[in-house]
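J.: Could you have a look at this structure, given as structure tokens, before my questions?
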Amino acid sequence: MVKTESATPERSASMLFAGAVVAGALVAVLAGVYGQVHDPASETTIKLFFTTTLHFKSWATTAILVLVILQLLGALWMYGKLPLFGDAPEWVGPMHRLSGTLALLVSLPVAYHCLWSLGFNPDPGGSRRYWHSLFGCAFYGAFVTKVLVVRSKRMPSWALPIVGGVLFTLLIALWLTSSLWFFRQFGIVV
Amino acid sequence: MLRRFVSWFEMAALLVVAVFIGMLFLNDPTAPPGTPAAVVEAAGGIDGGALYGKSCAGCHGGDGSGGIGPRLAGTMVKKFPDAAAQIAVVTDGRRGMPAFGTRLSPEEIAAIVEYTRTVLGG
């Protein structure tokens, strides 16, 4: 009897997490399907004061990387994993949310150009673009899963660090296959 | 105070996300100039415009206005008075531009070059 009572909430939490993963996977697949089905517009979009849209995208992705590193540090601080800094002050939580939201906003024009103008590259032979396409779609899927995990009070305790870690890893992979490639090809120019 | 601001900011961000998703479906791209029948015929029936859209537009823009690659519209004849020189660049590549000689036939490259020199305004 006792075993059943303790097992049920745990199972329910795991099912809830599975639901969040499925929702994220659905978003990732939908992004990939759109990128594949939609005829690439091959047009420049937003570039602000940068030379081209690709310059803008490279720097925007770098800015997102900085924000996501701040996210990671904030999360570690809140969960007491930065013992040298002591307990996290009250403002760390809201700032963590703010930097995450900012990162999402900055990513939107980047993803828009990727999906609308360039499309999904399904050719594994075109290695960098193929992997970048996969990482990009997976990133938004992981983002949705992370938001669902953060918002729910009934998720397993291990869910958030795992999803956060996946999201961070995907962003690093995205930066390596886009901004770093661009800077190495064309130099660190604005 | 900060928490309330962050909550409003998140709501606004959700709206922006919705706008971007809408734009993915509602924003019609500017149609690249089609290849006139005479140009297609002169290129042995190969549609240089369609090939341009697949192989070149991603870097040079659908209308040749440039992107990561330089502007082509209105510049090619002046830059390459001899079309053979432009064909050589497309075939062998140059600086950041990949060589298309291994991906496209000489006839296809010639059709693309003709398209950039005529339809895109030379």
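J.: So which residues in region B:7-19 are within 7 Å of chain A (Cβ to nearest Cβ) and among the small types (Gly, Ala, Ser), if there are any at all?
T.: Passing the criteria: only B:Ala13.
Residues checked against (1) within 11 Å of another protein chain (Cβ to nearest Cβ); (2) buried (at least 18 other Cβ atoms within 10 Å of the Cβ); (3) within 30 Å of A:Leu98 (Cα to Cα); (4) at pLDDT 85 or above:
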position: B:Phe5; (1), (2), (3), (4): yes, no, yes, yes
position: B:Phe25; (1), (2), (3), (4): yes, no, yes, yes
position: B:Pro36; (1), (2), (3), (4): no, no, no, no
position: B:Cys59; (1), (2), (3), (4): yes, yes, no, no
position: B:Thr102; (1), (2), (3), (4): no, no, no, yes
position: B:Ala111; (1), (2), (3), (4): no, yes, no, yes
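J.: Considering only residues that are closer than 25 Å to A:Cys114 by Cβ and loosely packed, with under 15 Cβ neighbours inside 10 Å, which ones fall in region B:71-98?
T.: Hits for region B:71-98 are B:Gly93, B:Arg95, B:Gly96, B:Pro98.
J.: Follow-up question, since we're still on this one. Examine region B:64-73 for a residue that is away from every other protein chain (no Cβ under 11 Å), under 22 Å from A:Gln185 (Cβ atoms) and hydrophobic (A, V, I, L, M, F, W, C), and state whether such a residue exists.
T.: Yes, region B:64-73 contains a residue that is away from every other protein chain (no Cβ under 11 Å), under 22 Å from A:Gln185 (Cβ atoms) and hydrophobic (A, V, I, L, M, F, W, C).
J.: Of everything in region A:52-67, what is among the hydrophobic types (A, V, I, L, M, F, W, C), at pLDDT 95 or above and surrounded by 17 or more Cβ atoms within 10 Å (Cβ to Cβ)? Give them in sequence order.
T.: Once the filter is applied, which keeps residues that are among the hydrophobic types (A, V, I, L, M, F, W, C), at pLDDT 95 or above and surrounded by 17 or more Cβ atoms within 10 Å (Cβ to Cβ), region A:52-67 yields A:Trp59, A:Ala60, A:Ile64, A:Leu65, A:Leu67.
J.: Mind counting the residues in region A:1-42 that are at pLDDT below 85 and part of a helix (DSSP H, G or I)?
T.: Qualifying residue count, region A:1-42: 10.
Here's the yes/no breakdown for (1) among the hydrophobic types (A, V, I, L, M, F, W, C); (2) out of contact with any Gly (no Cβ under 7 Å at 6 or more places or on another chain):
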residue	(1), (2)
A:Trp77	yes, yes
A:Tyr130	no, yes
A:Thr145	no, no
A:Phe186	yes, no
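J.: Next question, about the same structure. Given the conditions (1) in contact (Cβ under 8 Å) with a residue 12 or more places away in the chain; (2) assigned to a helix (DSSP H, G or I), which single one is not true for B:Thr35?
T.: Condition (2) is where B:Thr35 drops out.
J.: Quick check, is A:Phe85 more than 20 Å from A:Phe143 (Cβ to Cβ) and away from chain B (no Cβ under 14 Å)?
T.: Yes; evaluated as a whole, the condition is true for this residue.
J.: Does region A:12-43 hold any residues that are surrounded by fewer than 16 Cβ atoms within 10 Å (Cβ to Cβ) and more than 23 Å from A:Val147 (Cβ to Cβ), and which are they?
T.: Within region A:12-43, A:Gln36, A:Val37, A:Asp39 qualify.
J.: Residues in region A:43-52: is at least one part of a helix (DSSP H, G or I) and closer than 27 Å to A:Thr169 by Cα?
T.: no
J.: Here is a further query. Among (1) more than 14 Å from every other protein chain (Cβ to nearest Cβ); (2) modelled with pLDDT under 95; (3) touching a Ser or Thr at 6+ places or on another chain (Cβ under 7 Å); (4) closer than 23 Å to A:Lys57 by Cα, where does A:Phe135 come up short?
T.: (2)
J.: Another one. How about region B:63-93: which of its residues are closer than 17 Å to A:Thr45 by Cα, of a type in the set (Gly, Ala, Ser) and in contact with a helix residue (DSSP H, G or I) (Cβ under 7 Å, 6 or more places away or on another chain)?
T.: Selection gives B:Gly64, B:Gly66, B:Gly67, B:Gly69.
J.: A follow-up question, please. Mind checking which pairs have a first residue in region A:97-111 that is within 7 Å of chain B (Cβ to nearest Cβ) and a second that is among the aliphatic types (A, V, I, L, M), Cβ under 7 Å, 6 or more apart or different chains?
T.: Qualifying pairs under 7 Å: A:Arg97/B:Val6; A:Leu98/B:Val6; A:Thr101/B:Ala13; A:Leu104/B:Ala13; A:Leu105/B:Ala13; A:Leu105/B:Val16; A:Leu108/B:Val16; A:Leu108/B:Val17.
J.: Taking region A:33-72 on its own, how many of its residues are within 25 Å of A:Thr101 (Cα to Cα), within 13 Å of another protein chain (Cβ to nearest Cβ) and of a type in the set (Gly, Ala, Ser)?
T.: 2
J.: How many residues does region A:79-95 hold that are surrounded by 15 or more Cβ atoms within 10 Å (Cβ to Cβ) and part of a helix (DSSP H, G or I)?
T.: Of the residues in that region, 4 qualify.
J.: Going by what's in this entry, would A:Ile46 be described as closer than 30 Å to B:Phe25 by Cα and either surrounded by fewer than 18 Cβ atoms within 10 Å (Cβ to Cβ) or not hydrophobic (A, V, I, L, M, F, W, C) (or both)?
T.: yes
The values are calculated or read from the model by the stated rules, or taken from the named source; none is laboratory data. Since this is a predicted model, take the numbers as computed values, not measurements. All Cβ positions, glycine included, derive from the backbone under ideal geometry; neighbour counts span all protein chains shown.
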